[in-house]
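The values are calculated or read from the model by the stated rules, or taken from the named source; none is laboratory data. Here the structure is a predicted model, which means the values were calculated and not measured. When we count neighbours, we look across all protein chains shown, and the Cβ atoms used for this are built from the backbone with ideal geometry, even at glycine.
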Amino acid sequence: MSDAILKVRDLKRDYVTKGGLFTPPRVLHAVKGVSFDVERGSTLAVVGESGCGKSTLARMLTMIDAPTSGSIEIDGAPIDISAGKVTREMRQAVQIVFQNPYGSLNPRQKIGAVLEEPLLLNTSTPAAERRDLAMAMLEKVGLKPEHYGRYPHMFSGGQRQRVAIARAIMLKPKLLVLDEPVSALDLSVQAQILNLLADLQDEFNLTYVFISHDLSVVRYIADQVMVMYFGEAVEYGTRDAVFDNPQHDYTKTLFAATPRADVASIKARLAAKSAA
């Protein structure tokens, strides 16, 4: 029996560009009728080149943008952000981690306040308990208690991404959208963050939609893969099926043209170094 936490059907997003003095307005079809399911506790990787529509898809899944048409269901509940219909429960159900963690963290807030803020705004959790939960989450993502009182500029890029991930799961979301979460990091740090995401997924039974253009990262983390091209899903299937036997010409071209860093071997070297 299917246990899909996310169901997307015929999702479309159009943008109308302003016309000029002698040119009419133009309609840009950013996402064109995409449909897919994501099973609870699994990872769907959405891959494609810049401009393919994958980040627009992420914005619709996280209720930042409304779709032009189509439907989104999260754990059986339809999502409709038109006319102010988004409830607090809907917002809590989906969280996002962006590519640039520094841009998503308030430089004037200490990390403890960053982690406590979702609880402060969305729950009635007492202050002492909020602090305890934030401290526990720091440990979960590989940071230390002394980091609680520090500011974002005092951290490395990898540490800031750990903070962003910790904040995103403070409310125990049903779906976590990760928009290029490791693309700005060094390869060794990428492997550490990917390991962290895998560990958190196992512990909290998290469901991921992982947006990326890096095929080595996708192959490492994904259960299913969807390839987007000019707003369309041109390939969709299990990771092994898509990588071992791609069907669409664009997928074949993308795989052939993209250099692949061996994230799995980097992960193995890091594990050996930690064990030494």
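Descriptive notes on the structure:
- The range 108-133 - residue that is closer than 19 Å to V97 by Cα and of a type in the set (G, A, S) and, of those, surrounded by the fewest Cβ atoms within 10 Å (Cβ to Cβ): A113
- Taken over the range 1-36, the criterion of being farther than 21 Å from A66 by Cβ and not β-branched (V, I, T) is satisfied by M1, S2, D3, A4, G19, G20, L21, F22, P24.
- In summary, E49 fulfils each of the numbered conditions (1) under 30 Å from D202 (Cα atoms); (2) without any contact (Cβ under 8 Å) to a residue 60 or more places away in the chain; (3) not small (G, A, S) with the single exception of condition (2).
- Of all the criteria given as (1) assigned to a strand (DSSP E or B); (2) out of contact with any helix residue (DSSP H, G or I) (no Cβ under 7 Å at 6 or more places or on another chain); (3) surrounded by fewer than 22 Cβ atoms within 10 Å (Cβ to Cβ), the one not satisfied by I72 is (2).
- Count of the range 24-40 residues which are in contact with a strand residue (DSSP E or B) (Cβ under 8 Å, 6 or more places away or on another chain) and more than 30 Å from A256 (Cβ to Cβ): 4
- Hey, A136 buried (at least 20 other Cβ atoms within 10 Å of the Cβ), small (G, A, S) and under 22 Å from N195 (Cβ atoms) or not: no
- When residues of the range 6-49 are limited to those that are at pLDDT 95 or above and touching a Leu at 6+ places or on another chain (Cβ under 6 Å), the one farthest from S82 (Cα to Cα): V38
- Matching residues, the range 215-230, being surrounded by fewer than 19 Cβ atoms within 10 Å (Cβ to Cβ) and within 18 Å of L11 (Cβ to Cβ): F230
- Scanning the range 83-110 for residues that are under 21 Å from the mean Cα position of the chain (by Cα) and within 19 Å of P145 (Cα to Cα) yields a single hit, L105.
- Filter result for G41 (under 17 Å from the mean Cα position of the chain (by Cα), surrounded by fewer than 17 Cβ atoms within 10 Å (Cβ to Cβ) and at positive phi): yes
- Applying the criterion of being of a type in the set (K, R) and within 21 Å of E39 (Cα to Cα) to the residues of the range 139-181, the residue that is surrounded by the fewest Cβ atoms within 10 Å (Cβ to Cβ) is K172.
- Take the conditions (1) farther than 25 Å from A30 by Cα; (2) at pLDDT below 95; (3) within 16 Å of the chain's Cα centre (by Cα); S188 misses just one of them, which is (3).
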